[in-house]
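Below is one structure, written out as structure tokens; the observations come after it.
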Amino acid sequence: MYAKDGHRCDSVSEIIIDDWLFENHISHTREYPYPEGRYSSDFMVNNIFIEFFGLANVSSMPLHYREIMKKKREICKKYKILLVELYEKDLYNLNQALGEKLGLQSKQKGLFEFLKIC
């Protein structure tokens with residue numbers, strides 16, 4: 001599965017996020033490696049890791065998924081990496097959810113332009 005910018009994505013949800021970043025002219029990287037372990041972030045924008053924890057609210061969430069979420073949070077804390085966590089509910093309003101979590105106000109195009117050039 002591929003997003004509009006050609007990035008390979010693992011799920012429709014990741015395509016939605018990637019397309020939102022692309023359509024808002026926000027430069028981003030897919031599958032950026034964590035500084036330790038064999039983990040990679042779903043997206044990286046200006047040294048901010050973005051994780052889509054799509055199984056977080058599923059009643060039958062596998063234990064290892066919860067452990068991976070915990071480990072990624074710990075690594076980000078250890079290395080002082082800003083981590084933006086997205087969940088299924090966030091997909092319905094990425095302008096608000098992701099824009100706010102990136103410290104933006106989606107109606108102010110200038111802030112998106114700022115992110116693009118940083």
Would you check which residues across region 26-59 are exposed (fewer than 12 other Cβ atoms within 10 Å of the Cβ) and at positive phi and list them? 47
Picking from 102, 21, 82, which residue would you name as being surrounded by 14 or more Cβ atoms within 10 Å (Cβ to Cβ), within 20 Å of residue 2 (Cβ to Cβ) and either at pLDDT below 90 or not acidic (Asp, Glu) (or both)? 21
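The values are calculated or read from the model by the stated rules, or taken from the named source; none is laboratory data. What you are looking at is a predicted structure, and each value in this text was computed from that prediction instead of being measured. Using ideal geometry, Cβ is built from the backbone for each residue, glycine included, and neighbour counts are taken over all protein chains shown.
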